[in-house]
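Right, one structure below, let's go through it.
The values are calculated or read from the model by the stated rules, or taken from the named source; none is laboratory data. Just so it is clear, the structure is predicted and the values come from calculations on it, not from any experiment. Here the Cβ positions follow ideal geometry from the backbone for every residue, glycine too, while neighbour counts run over all protein chains shown.
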Amino acid sequence: MFKKFTSLFPLWAVLLSAVAYVYPEYFVPYKGFIVPLLSLIMLGMGVTLSVDSFLAVLKRPYVVLLGTLMQYLSLIHI
């Protein structure tokens, strides 16, 4: 049951985003939870990384640096 629910996560995300877009007043009380929940999501993603993933970053730090630089440069234009 839980596996089926989690496999449909992209669908839940799109549906809830559409509902929040149409009815934002229902989601305003949860505004204070955005940063803590995003932090929890990022932690969960980091925990699932393998040692090989970290080693790949250490072997090619310039690619990571370039990606970070491009991300911050693109924010200037927004």
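Do we have Val57 as loosely packed, with under 10 Cβ neighbours inside 10 Å and either hydrophobic (A, V, I, L, M, F, W, C) or touching a Phe, Trp or Tyr at 6+ places or on another chain (Cβ under 8 Å) (or both) here?
No.
Let's see how each residue does on (1) on the phi > 0 side of the Ramachandran plot; (2) without any contact (Cβ under 8 Å) to a residue 60 or more places away in the chain; (3) surrounded by 10 or more Cβ atoms within 10 Å (Cβ to Cβ); (4) of a type in the set (Lys, Arg):
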site	(1), (2), (3), (4)
Lys4	no, yes, no, yes
Ala13	no, yes, yes, no
Leu37	no, yes, yes, no
Leu40	no, yes, yes, no
Gly44	no, yes, no, no
Asp52	no, yes, no, no
Leu73	no, yes, no, no
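Scanning the range 23-78 for residues that are assigned by TED's automatic domain parsing to the domain that holds Ala13 and among the aromatic types (Phe, Trp, Tyr) turns up Tyr23, Tyr26, Phe27, Tyr30, Phe33.
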